[in-house]
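Before any comments, here is the structure.
The values are calculated or read from the model by the stated rules, or taken from the named source; none is laboratory data. Quantities reported herein were computed from a predicted structural model and do not represent experimental measurements. Every residue, glycine as well, gets a Cβ built from its backbone with ideal geometry; the counts of neighbours run over all protein chains shown.
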Amino acid sequence: MRKLIILLSVGLGLTGAIIFYSLAEASEYATFEVARAHPGREYHVLGKPRRDLEMRYEPQKNANLFTFYLEDSDNNVYRVVYNGAKPRDFDTPDKIVVVGSMQGDEFHARDIQLKCPSKYNDGTRIQTASQ
Amino acid sequence: MSPIPSYIGEQLGWGKAGHLLSALALGSAFLSFLLYWKSETWRELKRWARGAFVLHGLSLVGLLGIILYLMLHHRFEYHYVWQHTNTAMEPRFILSALWEGQEGSFLLWMLWHAVIGILVMRLGGCHEHRVMWVLSLAQTFLATMILGIQFLVNGQEIIIGSDLFTLTREHPAMRNVPLFFRPDYLKRLDGRGLNPLLQNYWMTIHPPVLFLGFAATVVPYAFVVGSLRSNDWETWIRPVRPWAFLALGLLGAGILMGAAWAYEALSFGGFWAWDPVENASLVPWLALVAGVHLLLIPRTAGLNLFLAVCLLVGSFVLVLWSTFLTRSGILGDSSVHSFTDLGMTAQLLLYVGFFAWLPAALILHHSSFRWFNLLFPAIPLLFFGVWGTEAVWTRLVFLAGVAVLIGLTLVAVRRRLSGWKSSEPLLSRDMWMFTGSLVLALSWFHIIHETSRPALGKAFRGLGILEKLYPANYAPPSDIIDRYNYVEGLLGGAILLLMGATQFLRYRETPWRPFLRQMAAAATIAVGLTIGVALLVPIRSKFHYLLLLFTALFSVVANGLYAWKVARFKLRASVASLAHIGFGLLLAGAVIAGGYKTIVSSNYRELINLETLNKNFKNSENMLLHKGDTIPMKDYRVVYFRDSVEAPRVYFGVKFFNREGQELFTLWPQVQTNPRMGDVAEPATRHGLGRDLYTHVSYVDKAKLNFLLQPADTNNSTGLRDIGTFSMQQGDSVQLTNSLVIFSSLKSKQPLDSLDIPARLELEGLFTVIGYNGTLSTVKPTILIENNTFQSFPASCPNTGIRIEVKRILPQERRLEVHLSQPVINPKDDFIILQVILFPGVNLLWSGAALMTLGLLLAAYLRFSKDFSSA
């Protein structure tokens, strides 16, 4: 009995440790201004890709570099430098999340999360059969 | 709004039949619950209860038949059919389409519950009625999910469930679409079609197996809860074991099929990413593993038994909680594949809450705290009425209520259960199994806590310190996968060590000396194997991976030794070892594949060095392959040699050679084009015995894809588009859309000695092409005049792709007639960006998975047969 109780308390202690470990680090959804205030710290920024501004992907020069402009929820537009190939369905989604940190006036993204288009498709768009 | 026209061609009878069957399914499930509940005291009712349940099952089969009929016949007047299928879809994906949506997957889940229920009737014996009232109750709740009833409360529209047979034209999002005011709208309507990610054979088999596993977890829960009703903490312990093993085997197979789908069909380059949906299916499995091991201890009692009950109950509640997390939309941005919010959050939460509360309520019912059963629901309800769900007070009172409920239940159990004082020796199987279950419990706690943080953030809004710890706008930390791997790796290592050692321990006391000798033998072999693997796979520096690999191999070796030396390969005694070996191999494979995966496609000739931009950026991972070029990648030489089109899929042929230029194999990674939902790349993998080579096209020029997909016409054979024929004098230029072509000179290749025209004359034109992007190149088409025949050899500009052909020479006018054409795909753009990853040890993982599933199902089978007596 005493052994079980000791084990159980060790288990509870470890549970506490896990909660502590898990809570110690959390990223938050932020805007470019917040990310700018803490350069180098990693943030998730949700925004609209500005397709009217320059989007540059030149795989001949480097297949792992894609740059574009993103407008965050405060309507600030920043250049995003993404380390990776241009996502295949980048031209469809209205909103994307970039994960990375601010370096000077550029946001260096390690990851881009696109909304799965099936989920966010406007249900009212009707396709008609071709006949 | 104009009066509703009478629509042409609709088949509304199916929907009406469907609604009738949905109502019947709900009614018969509830009836079955009532009859089974009563049959505890009134035995004769059992026959009727069975009848009600079978009726319930039949109505579900009817529902399935109707929806499949509608999908196969493209009845787009039904919204579900419209949303998930279209006419272009291949019929073999009809099943994937059925469970793509929430309603369809609820139906699938219910169908499996019905199958499990009928299995319980056959095998449940004297526990049938106990299990079945719980199962019927769970089924009643589920049946409301596809009900789709709307009514008004205080002017607020409340919807219960989401109807499988809503008409497209009556769907809230569609009501005002002009198309639906035309009587003949059906002729013009095509469905939205299935998400391309799901058009894959893994998606046809993975969801049904996974849902079968989910459905099977209800039985252990029902055994416990049904027995708690009669305050029985004993008679169900033996009969529940085979059901738990069955659930473990099915759920495990379902999860691993999901991993296989991710590896074979998704392009994130791996089989496990700690995604919330993956976690949601893993956590119930872990809880059940821990619970069933505690139940294996003979005469389990006291703390052991209570922990086992918690874990079995927890397993089903976690299935429901996962359902809530993935279907309510609460995870929002943190998962790739959660469902759309159908506005059923409250209903789902009620479902979880009720089945989490039920066992506690039954325990309290048999204790002196019976009154709290009334207070617990009443007080929060009162607060909901006064402040509403958003208010801080409501949530505070609710949380306090939950805490008190848990506390009281603990006290009640402590009073009810004897055997808390039994003292196990340190070296006993009981003790070590308890420890193992505790570690497993820690592991699932960690995963579920991490996964639930977005939901907790919403629950704790405005609650001071809790709000600080669980921010409402939480985003998973950037290194979330490493953090999962770190904690789960530590706990997993501990589990594996315990798994290897515990088999050799006897229940109660075990002598130290022989045990240590056996352990030493297993450890020695495992160290040898680990060193062997470390020598075989390329990278040896990752010490923590090697340590984890050692623990996995140790558990494999120790269980193998046990099966050989102790169980002497007798099936019944070694079936546990079989499952353990499977699990050990699975983790060994995962450690090798995950820890030593190598990106083959690392770049070597980048014009822009990314590391100068940011030290964390990498040049590697994606490589550019022009068609026809041979590109060295690590030990391979790779050529992208041709495209092959099977609309809507485009395959890219990639040949692999070894260093010596010997052809090894060809892979065809593909892009599945889908103009509405976005294109999806599907990897192609070369499966080898020891290692897999995984390839995936991460980028293709859109113009190239469009060109490949357009119907074959005259230009396709040459791939050229005419620009025109121009008459040019020296110094003339032609302005094109992308460049300027200047005719500089025309010269003979050999020196001309005399004015006579020689028999053989070779002329070379010199053209300068200035691309508007700033490139400058010289293009030299040649002409050969021999024996009065005129031969022209065109040349192409390497930058713009413009092809120059001299058609005629007009010597009198000192002019050339030049034909210009341009490839539809500029050769510069005729490339793919390819990612190539080497995964060693993947086969170890899959064979481990197969062994484990086999072991678990075999354990279930053996324990179902009556003559089985536990060792």
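Given B:650, B:639, which one is over 30 Å from residue B:494 (Cβ atoms), buried (at least 19 other Cβ atoms within 10 Å of the Cβ), touching a Leu at 6+ places or on another chain (Cβ under 6 Å) and modelled with pLDDT of 85 or more? Please lay out each step first, then the result.
Values: B:639 fails: touching a Leu at 6+ places or on another chain (Cβ under 6 Å).
Result of the check over B:650, B:639: B:650.
Please specify each residue of region B:354-380 satisfying the condition of being closer than 18 Å to residue B:306 by Cα and small (Gly, Ala, Ser).
B:356, B:360, B:361, B:367
Might you let me know whether region B:173-181 holds any residue that is away from chain A (no Cβ under 14 Å) and touching a Leu at 6+ places or on another chain (Cβ under 8 Å)?
No, there is no match, as no residue in region B:173-181 is away from chain A (no Cβ under 14 Å) and touching a Leu at 6+ places or on another chain (Cβ under 8 Å).
Within region A:51-63, how many residues are surrounded by 14 or more Cβ atoms within 10 Å (Cβ to Cβ) and in contact with a strand residue (DSSP E or B) (Cβ under 6 Å, 6 or more places away or on another chain)?
4
Using the structure shown, decide if residue A:6 is among the β-branched types (Val, Ile, Thr), exposed (fewer than 12 other Cβ atoms within 10 Å of the Cβ) and over 15 Å from residue A:106 (Cα atoms).
yes
Of a type in the set (S, T, N, Q) and buried (at least 22 other Cβ atoms within 10 Å of the Cβ) - does that describe any residue in region B:541-548? Even if it seems obvious, please write down each step before you answer.
Of region B:541-548, the ones of a type in the set (S, T, N, Q) are B:541.
Right, trim to buried (at least 22 other Cβ atoms within 10 Å of the Cβ) and you get none.
Checking region B:541-548: not a single residue is of a type in the set (S, T, N, Q) and buried (at least 22 other Cβ atoms within 10 Å of the Cβ).
So which of B:267, B:230 ends up being touching a strand residue (DSSP E or B) at 6+ places or on another chain (Cβ under 7 Å) and outside any helix (DSSP H, G or I)?
B:267
Given the criterion at pLDDT below 90 and not aromatic (Phe, Trp, Tyr), identify the matching residue among B:325, B:246, B:282.
Only one candidate passes the filter, namely B:325.
Output the residues belonging to region B:353-380 that are of a type in the set (S, T, N, Q) and outside any helix (DSSP H, G or I).
The answer is B:367, B:368.
With respect to the numbered conditions (1) buried (at least 19 other Cβ atoms within 10 Å of the Cβ); (2) touching a Cys at 6+ places or on another chain (Cβ under 9 Å), which one is the sole condition not fulfilled by residue B:235?
For residue B:235, the exception is condition (1).
Do we find that residue B:93 is buried (at least 18 other Cβ atoms within 10 Å of the Cβ), closer than 29 Å to residue B:187 by Cβ and of a type in the set (Phe, Trp, Tyr) in this structure? Steps first, please.
On the way: buried (at least 18 other Cβ atoms within 10 Å of the Cβ): yes; closer than 29 Å to residue B:187 by Cβ: yes; of a type in the set (Phe, Trp, Tyr): yes.
Yes.
Of the residues B:135, B:179, which single one is at negative phi, surrounded by fewer than 22 Cβ atoms within 10 Å (Cβ to Cβ) and in contact with a helix residue (DSSP H, G or I) (Cβ under 7 Å, 6 or more places away or on another chain)?
Values: B:135 fails: surrounded by fewer than 22 Cβ atoms within 10 Å (Cβ to Cβ).
After ruling out the rest, the residue left standing is B:179.
Take the residues in region B:190-206 that are within 8 Å of another protein chain (Cβ to nearest Cβ) and touching a helix residue (DSSP H, G or I) at 6+ places or on another chain (Cβ under 7 Å); name whichever of them is nearest to residue B:96 (Cα to Cα).
Ranking the candidates gives B:195 first.
Pull up region B:462-480, narrow it to residues that are in contact (Cβ under 8 Å) with a residue 40 or more places away in the chain and either more than 11 Å from chain A (Cβ to nearest Cβ) or of a type in the set (D, E, K, R) (or both), then point me to the one that is surrounded by the most Cβ atoms within 10 Å (Cβ to Cβ).
For region B:462-480, the residue satisfying everything is B:463.
Being out of contact with any Leu (no Cβ under 9 Å at 6 or more places or on another chain) and either at pLDDT 95 or above or assigned by TED's automatic domain parsing to the domain that holds residue B:17 (or both) narrows it down to one of B:50, B:43, B:75, so name that one.
None of the other options fit; the residue is B:43.
So if I check each of B:844, B:838, which one is more than 14 Å from chain A (Cβ to nearest Cβ), part of a strand (DSSP E or B) and buried (at least 20 other Cβ atoms within 10 Å of the Cβ)?
B:838
Residue A:95 fails exactly one of the following numbered conditions: (1) more than 8 Å from chain B (Cβ to nearest Cβ); (2) modelled with pLDDT of 85 or more. What is the number of that condition?
(2)
Which of the residues spanning region A:104-115 are touching a Leu at 6+ places or on another chain (Cβ under 8 Å) and either modelled with pLDDT under 85 or facing chain B (nearest Cβ under 8 Å) (or both)? If you could, list the steps in order and put the result at the bottom.
First pass over region A:104-115, keeping only residues touching a Leu at 6+ places or on another chain (Cβ under 8 Å): A:107-108.
Hit for region A:104-115 is A:108, nothing else.
With the condition being among the charged types (D, E, K, R), I'd like the strands (runs of 3 or more DSSP E) fully within region B:742-822 carrying at least 3 qualifying residues.
Fully inside region B:742-822 and qualifying: B:760-771, B:803-810.
Could you list, in sequence order, the residues of region A:50-64 that are touching a residue at least 24 places away in the same chain (Cβ under 8 Å) and over 18 Å from residue B:698 (Cβ atoms)?
Within region A:50-64, A:50, A:51, A:53 meet the criteria.
Which residue out of B:58, B:63, B:45, B:31 is buried (at least 22 other Cβ atoms within 10 Å of the Cβ) and either over 39 Å from the mean Cα position of the chain (by Cα) or on the phi < 0 side of the Ramachandran plot (or both)? I'd like the intermediate steps shown before the answer.
Details: B:58 fails: buried (at least 22 other Cβ atoms within 10 Å of the Cβ); B:45 fails: buried (at least 22 other Cβ atoms within 10 Å of the Cβ); B:31 fails: buried (at least 22 other Cβ atoms within 10 Å of the Cβ).
It is B:63.
Starting from residues that are on the phi > 0 side of the Ramachandran plot and either of a type outside the set (A, V, I, L, M, F, W, C) or without any contact (Cβ under 8 Å) to a residue 40 or more places away in the chain (or both), keep the ones in region B:271-309 and report whichever is surrounded by the fewest Cβ atoms within 10 Å (Cβ to Cβ). Write out each step before concluding.
In the first step, residues of region B:271-309 are kept if they are on the phi > 0 side of the Ramachandran plot; the result is B:274, B:299, B:302.
Still in the list and also either of a type outside the set (A, V, I, L, M, F, W, C) or without any contact (Cβ under 8 Å) to a residue 40 or more places away in the chain (or both): B:299, B:302.
Values: B:299: 12, B:302: 17.
Checking each candidate, the answer is B:299.
Considering only residues of region B:685-695 that are surrounded by 19 or more Cβ atoms within 10 Å (Cβ to Cβ) and not β-branched (Val, Ile, Thr), which is nearest to residue B:192 (Cα to Cα)?
Among those residues, the one meeting the criterion is B:694.
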